[in-house]
Amino acid sequence: MTNLDHTAHRLASPISASPLPVRAGIGLKAQHYQEIFDTAPDIGWLEVHSENYMCAGGPTQTWLSAMRECFAISLHGVGLSLGSAGPLDSSHLKRLIDLERRVEPGQVSEHLSWSVADGVYLNDLIALPYTEESLEIFSTHVLQMQDALKRRVLIENPSSYLRYAHSVIPEPEFLLNVAQRSDCAVLLDVNNVFVSAMNHGFDPIAYLDQIPADLIGEVHLGGHSQVVFDDRVLRIDDHGSKVCDEVWALYERLIQRTGPKPTLIEWDSNIPELSVLLDEAAKADRILAHAASREEVHHAVAV
Amino acid sequence: MPSLFELQNALRDVSLGGDASALASTIIGDDFAPEQRLNVHRNNTTILLSEALGATYSVVKKLVGDEFFDAVAGLFVRAQPPRSPCLFEYGEGFGDFLATLPATTDLAYLPDVAHLEWIWNAAFHAADVKPLTSADLAPVAPDAYGDLIFSPHPSLHLIHSPFPIKEIWDVNQCCTDPDATVNLDEGPQSLTVLRPKANVEMIELSPEGFVFANQLSEGATLAEAFAATQNTVPDFDPAPTLAVLISVGAFQSYTLRS
């Protein structure tokens, strides 16, 4: 790595810790560290997977510190497994607290899902059965996470590939119940809503419309793929392509209702040139700017 | 209706290759067989964890080819799934696992290459600590040198192999000559692998220097390490090896045995 002194520790950053700028951000990938550092592109903020930066030291941490000097950062967790039966992994939570103190992120988020069973990490975000039992477990874990971090966190709706016969609560209702019981906010992933809606045959618009605007702290957009089983298609949330047209349309409709929200372009597999991510972010920024100008007009009329 | 604990354990077993039919009645098929839906999760776990292993073990992957690697990684994932969500910590046992496979007996150097990649990975993610320099030792009186105990740098690792693993590693990095070859009969190799600053470095040691470095890294005094090495090589001169170890940043601090 060049241009970076590995011994540099982050000074108080000139970039405010909170909240995230109401603009489009992109997921930070190792392939793009140097180019972002060299070119300082006009992006609102960066998001990282918390677990990738929980190492004791080394270049990945140094890069994150360098990025934090220039951008607000969102810490997006994929490993706390809030939906697992049994206690939260206290050593993992401790590592998250250490990272949060170091990075001073604009947001900290996790998923409405589970990935650990009896100590084994499956590296997968698996949907919960939506029952009173799992609502109690999940909400308690969110409360514990927030108590440990001393901050409100965002919980993201999952992409799902299966539903359980004993699930009794519709997913958006479950998510709102979690928010009510734990006082967390929502990271609304529009692509996930679309993927799940296609996989299970529900209306994505009705789902999105149920989430109150003031509960949404961040929005995610990403690409997904399709696999065919006997002429039937399952959509897989692999974050390996551009956001599809249907998801852009849902996003535009959402932002018209809620007003501008910090919006992430996620891309985690088949990672392209940085310019591709920046183009997607610019597209989201245009939608956000349009919604902001509409709000101004409404405000002017009201005055 | 299964409890959440029961359901998650059952689904974990399916994701790690177990029989999906036991869970089928719990899953709503909805135009698909329940097993097809469960299979998405099995694929996620197998493929994504194999990719994580492939990132850590990129040289092994290049040596055996993608198809073979994915098959072996899939076996490893099922035998030793991760216990931590931090995947840079996943896969320590992969080298030993490779050594147990009949299919790799013709590639005797493969487990050692894997061990080298693992310690490279560990050094890369180790804590950042300023290494001890020779100037730091200035206060130590020469007649007290024998009582010196060095605390190894957090990134320090030592590895010995009957094969030239550093050369194998070197020619399998990206951007190297695709036609480069390694003579496997070049003989054994002893290495120290560490990251004193931003970059991981591999430095070759003499066989006796390796014994000496091992002693020091395990907390022996300089006198004890010298004596232990002399048992192997009676005319061993510790000064050059010690100078190399200090200059590459192998230690973070010292104490004197009182």
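Confirm whether B:H115 is buried (at least 16 other Cβ atoms within 10 Å of the Cβ) and either among the aromatic types (F, W, Y) or within 30 Å of B:L75 (Cα to Cα) (or both). Judged against the criteria, B:H115 is a match. Counting residues in segment B:71-92 that are in contact (Cβ under 8 Å) with a residue 40 or more places away in the chain, within 23 Å of A:S84 (Cα to Cα), among the aromatic types (F, W, Y) and touching a helix residue (DSSP H, G or I) at 6+ places or on another chain (Cβ under 9 Å) gives one or more. Annotation note: of A:A284, A:A289, the sole residue that is small (G, A, S) and more than 17 Å from A:E47 (Cβ to Cβ) is A:A289. With respect to A:V233, determine if the residue is surrounded by fewer than 20 Cβ atoms within 10 Å (Cβ to Cβ), in a strand (DSSP E or B) and either over 17 Å from the mean Cα position of the chain (by Cα) or at negative phi (or both). Taking the combined requirement at face value, the residue satisfies it. As a summary of the residue check, A:P87 satisfies the conditions (1) of a type outside the set (A, V, I, L, M); (2) facing another protein chain (nearest Cβ under 9 Å); (3) part of a loop (DSSP other than H, G, I, E, B); (4) within 30 Å of B:N9 (Cα to Cα) except for the one numbered (2). Exactly one residue among B:P139, B:P131 is of a type outside the set (K, R) and loosely packed, with under 14 Cβ neighbours inside 10 Å, and that residue is B:P139. For segment B:223-241, filtering for residues that are at pLDDT below 95 and either on the phi > 0 side of the Ramachandran plot or among the hydroxyl-bearing types (S, T, Y) (or both) leaves 1.
Count of segment B:62-119 residues, restricted to those that are within 14 Å of chain A (Cβ to nearest Cβ), assigned to a helix (DSSP H, G or I) and among the charged types (D, E, K, R), is 2. Here B:A22 passes the criteria (1) surrounded by 15 or more Cβ atoms within 10 Å (Cβ to Cβ); (2) within 23 Å of A:Y121 (Cα to Cα) except the one numbered (1).
If I ask for residues that are within 12 Å of another protein chain (Cβ to nearest Cβ) and β-branched (V, I, T), which ones from segment A:14-71 would you list? A:T60, A:T62 - these are the residues of segment A:14-71 that are within 12 Å of another protein chain (Cβ to nearest Cβ) and β-branched (V, I, T).
Applying the criterion of being of a type in the set (D, E, K, R) and part of a helix (DSSP H, G or I) to the residues of segment B:168-194, the residue that is nearest to the chain's Cα centre (by Cα) is B:D170. Just one of (1) touching a Leu at 6+ places or on another chain (Cβ under 6 Å); (2) of a type outside the set (D, E, K, R); (3) surrounded by fewer than 21 Cβ atoms within 10 Å (Cβ to Cβ); (4) part of a loop (DSSP other than H, G, I, E, B) fails for A:S241. It is (1). Considering only residues in segment A:114-170 that are of a type in the set (D, E) and within 12 Å of chain B (Cβ to nearest Cβ), the one that is nearest to A:I73 (Cα to Cα) turns out to be A:D124. Report whether or not A:A284 is buried (at least 21 other Cβ atoms within 10 Å of the Cβ), more than 27 Å from A:N123 (Cα to Cα) and within 21 Å of the chain's Cα centre (by Cα). Judged against the criteria, A:A284 is a match.
Inside segment B:1-50, residues that are part of a helix (DSSP H, G or I), within 24 Å of B:G91 (Cβ to Cβ), in contact with a Leu (Cβ under 9 Å, 6 or more places away or on another chain) and more than 7 Å from every other protein chain (Cβ to nearest Cβ) make up a count of 4.
Within segment B:195-202, does at least one residue satisfy the condition of being in contact (Cβ under 8 Å) with a residue 60 or more places away in the chain and in a helix (DSSP H, G or I)? Looking for residues that are in contact (Cβ under 8 Å) with a residue 60 or more places away in the chain and in a helix (DSSP H, G or I), one finds none in segment B:195-202, hence no.
The values are calculated or read from the model by the stated rules, or taken from the named source; none is laboratory data. Computed from a predicted structure; not experimentally measured. Backbone-built Cβ (ideal geometry, glycine too); neighbour counts: all protein chains shown.
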